[in-house]
Amino acid sequence: MTPTVPPQVPVTGLVLLIVQVIAIFFILRSTFDLTVKRTFAPFGTYVALILVQLVLTVFVIKPFIVEAFVMPTKSMSPTIEPGDRFVVNKLIRPRRLDLVAYWNDDAEPAIYCKRLIGLPGERLRFEQGGLYVNDQPIALPPVLAGRCSASVSTLPFNRSRYRDGESIRLGEDEYFFIGDNVEASADSRLAGPSRASSVVGVVDFLYWPLSKARLVR
């Protein structure tokens, strides 16, 4: 399977933060020629601002607004390569062809990143490399054009639930996802549609590597 994982904060980052806080204390004291006791007033304000920022990040920004992830596999190649880092916006509603992060339904939960191709209540069909929604052909981005298939040809555990030409009906709260690396992506073709409640958010900014940094949505 192909989960995305949040980038881990290294221990060195925490050590650097502590060193920074200590350095700020001594810089304030020496710059303004303060006693240790008087240094704690501006220093306390600085620490309080850091704590407020930390609380907002942990309890508001990350759970409800935006979150960063790193791609570990080639399931979205070449759009997002292994090691690429991107930001997921949790406030916007997914649209067709958006890149979306969502929870899988496996026994071991993980967050996936795939392209959304099917919306609630629709009928999908893969046929001759194209995608049909409610019997109408859909214009696909170049990375998918002419390559859409119900099968996943290069995965050793390929047990696709569908066949080309078969009509796939989505429930009123279901989404259908596919990876841009069509031949090697474990997605809704294998696992089936995902519930709307499993959606984490929409990828709207690729920020690493810097040479590829761009708005995605």
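Nothing in this text is a laboratory measurement; each read-out follows from the coordinates by a stated rule. None of these values were measured; they are calculated from a predicted model. Note that we place each Cβ from the backbone using ideal geometry, even for glycine, and neighbour counts take in every protein chain shown.
Stretch Asp105-Ala48 to full length: gain in nm at 0.36 nm per residue minus the Cα-Cα span? Walk me through the intermediate numbers first.
Details: separation 57, 0.36 × 57 = 20.52 nm, distance 4.04 nm.
Separation in residues times 0.36 nm, less the Cα-Cα distance, equals 16.5 nm.
With r as the distance between the Cβ atoms of Val15 and Ser167 and R0 = 45 Å, compute the FRET efficiency 1/(1 + (r/R0)^6) and round to 0.05. Can you show the working numbers first?
On the way: r = 57 Å, r/R0 = 1.27.
Calculated transfer efficiency: 0.20.
Which three lengths, in whole Å and largest first, does the stretch 68-215 cover when its Cα atoms are put on their principal axes?
That works out to 41, 33, 29 Å along the principal axes.
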